[in-house]
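Read through the structure below, which is laid out as C-alpha cells, and then see the notes.
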Amino acid sequence: IKADLKVDKVTLKDIGVRFKGNTSYSYNPTSPKKSFNLQFDRFVADQSLYGYEHVNLQNAYKDATFIREPLVYELTRRYFPSLKSCWIKLYLNGQYWGVYVMVQQLNVRFLRENYAFERGNLYRGDSETRRTRPVFRYWGTNISSYSSRYDYKTVGHPVPWQDLIKFCDVLNNTSLANLPTVLPRYLDVDQALWYIALQNIFVNTDSYLGTGNDYFAYSDELHRRFQILPWDLNTVFGGYDWSRLLGNNRHLM
C-alpha cells in the first residue's frame with residue numbers, strides 16, 4: 001500500500017509498504033506487531049532514504065533482547081559481505097508501535113557496495129514447501145527444477161540459471177579426487193567455509209545448514225564464482241522451532 005514516511009523531519013511521499021516474513025508473521029498471529037518491508041521508490045521513481053531504496057523492519061520474533069540479528073550481522077561483516085542493521089522506533093498514524101530492527105535489503109544496492117560488479121545472478125534459497133531444502137543439489141538441466149526451489153532476484157541478466165545449474169553439477173558430480181581443484185572455479189570456498197562456520201557458531205538453523213532456506217547465492221561476475229550470504233537472522237542462537245529437523249541436537253550442528 002502507499003504510505004507517507006517521516007524520518008528525521010524529512011517526509012517521503014507514497015512509499016510502498018507491505019507485511020513481510022514467514023515465521024515472524026504466521027507464527028505470531030495474535031500480535032499486531034508485524035514485520036514490514038519498505039520500498040521508497042515503489043511509486044516514486046528514484047526516491048530513497050539516505051541513499052537506500054529498500055529496507056526491512058523486523059519485529060525480532062523469538063528474540064526478546066532485540067539484539068541477535070544486529071549482533072550476528074555485525075560479526076559476520078568482519079569475514080565477508082553482510083547486511084547492515086540498526087534499531088528504530090516506529091510510529092503508525094501517530095501511535096507508538098515499538099522498537100524494530102531495521103535491516104538493509106539484499107539487492108543491487110548491497111551488491112554495488114560490496115562487489116566490483118553488481119549485475120551478477122542472485123538467487124535466494126526459498127523452497128515454497130520448506131521441505132525440499134535447496135542446498136545446491138543437482139536436479140538435471142531443466143530450469144523448472146531449480147526455479148521451484150530458488151527465488152531468482154536479478155533483472156536483465158542475459159543468461160540466468162545456467163551458472164547455478166553448472167555449479168550444482170560440479171559440486172555433486174565431480175569426483176572427490178578432483179573436487180579440490182575444480183570446485184574453487186565455481187565457488188569461493190574460503191568464504192563458504194566462513195559462512196558454514198558462522199552459521200554453526202550462531203546456531204542459525206533456518207539457513208543452508210538447517211532448513212536449507214533463507215540464504216543467498218551470488219555469482220560474482222568478476223571471478224565467476226558463487227558466494228553464500230546470510231539472510232533473515234531473527235532466529236539465530238537456536239531460536240528456530242522446527243523440532244522435526246533438529247531433535248535434541250541443536251548444540252551439535
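The values are calculated or read from the model by the stated rules, or taken from the named source; none is laboratory data. Quick caveat: nothing in here was measured; it's all calculated off a predicted structure. Note: ideal-geometry Cβ built from the backbone for every residue, glycine included; neighbour counts use all protein chains shown. Areas reflect the complete protein model, heavy atoms only, side chains present, ligands, DNA and RNA absent. Shrake-Rupley method; radii C 1.70, N 1.55, O 1.52, S 1.80 Å.
For the chain, the longest principal axis of the alpha carbon atoms and the long axis of helix 162-173 meet at an angle near 50°.
The accessible area of Trp87, taken with all protein chains in place and a 1.4 Å probe, comes to roughly 130 Å². To the nearest 10, the accessible area of Tyr138 is 80 Å² with a 1.4 Å probe.
Rolling a 1.4 Å probe over the protein heavy atoms leaves Thr65 with an accessible area of roughly 90 Å². Residue order by solvent-accessible surface for His54, His223 is His223, His54, largest first, with ligands and nucleic acids left out and a 1.4 Å probe. Relative to the first principal axis of the alpha-carbon coordinates of the chain, what is the inclination of helix 189-201, with its axis defined by its Cα atoms, in degrees from 0 to 90 and to the nearest 10? That works out to roughly 60 degrees. Sorting Ile1, Ile88, Ile196 on solvent-accessible area from highest to lowest, probe radius 1.4 Å, gives Ile1, Ile196, Ile88. So, for region 1-153, what is the accessible surface per residue at a probe of 1.4 Å, expressed in square angstrom? Here the residues of region 1-153 average 55 Å² of exposed surface.
Take the alpha carbon gyration tensor of region 1-134, find the square roots of its eigenvalues, order them as a ≥ b ≥ c, and report rounded if a/c is under 1.5; if not, report prolate when a/b exceeds b/c, else oblate. Mind showing how you got there, number by number?
Numbers: a/c = 1.44, a/b = 1.10, b/c = 1.31.
In terms of gyration-tensor shape, rounded.
For the chain, relative contact order (Cα pairs under 8 Å, six or more residues apart, normalised by length) works out to 16 percent. Couplings 3J(HN,Hα) of region 103-114, computed from phi: 10, 4, 7, 8, 9, 4, 4, 4, 5, 5, 5, 10 Hz, in residue order, whole Hz [Karplus 6.51 cos²θ - 1.76 cosθ + 1.60, θ = phi - 60°; x for Gly and Pro].
What's the carbon and sulfur percent of the chain's accessible surface, probe 1.4 angstrom, rounded to a whole number?
Details: 6970 of 13080 Å².
Carbon-and-sulfur percentage of accessible area, whole number: 53.
Can you give the calculated 222 nm mean residue ellipticity of the chain, where each DSSP H run of n ≥ 4 adds -39,500 (n - 2.57) and the sum is split over every residue, rounded to the nearest 500 deg cm²/dmol? So the helix-based figure for the chain works out to -5500 deg cm²/dmol. Annotation for Thr65 and Arg109: the two label points, set 7 Å from Cα along the Cα-Cβ direction, are 2.8 nm apart.
Where the alpha-carbon atoms of region 67-177 are placed on the principal axes, they occupy 57, 31, 30 Å, in descending order. Structure note, pairs Lys6/Lys62; Lys9/Lys84; Lys6/Lys153; Lys34/Lys62: Cα-Cα distances above 20 angstrom occur for Lys6/Lys62; Lys9/Lys84; Lys6/Lys153. 3J(HN,Hα) along region 3-10, derived from phi through the Karplus expression 6.51 cos²θ - 1.76 cosθ + 1.60 where θ = phi - 60°, amounts to 7, 9, 10, 10, 9, 6, 6, 10 Hz, with x in place of Gly and Pro. Shown in residue order for region 88-101 are the 3J(HN,Hα) couplings computed by the Karplus curve 6.51 cos²θ - 1.76 cosθ + 1.60 at θ = phi - 60°: 9, 9, 10, 10, 10, 6, x, 9, 5, 10, x, 7, 10, 8 Hz (x for Gly and Pro).
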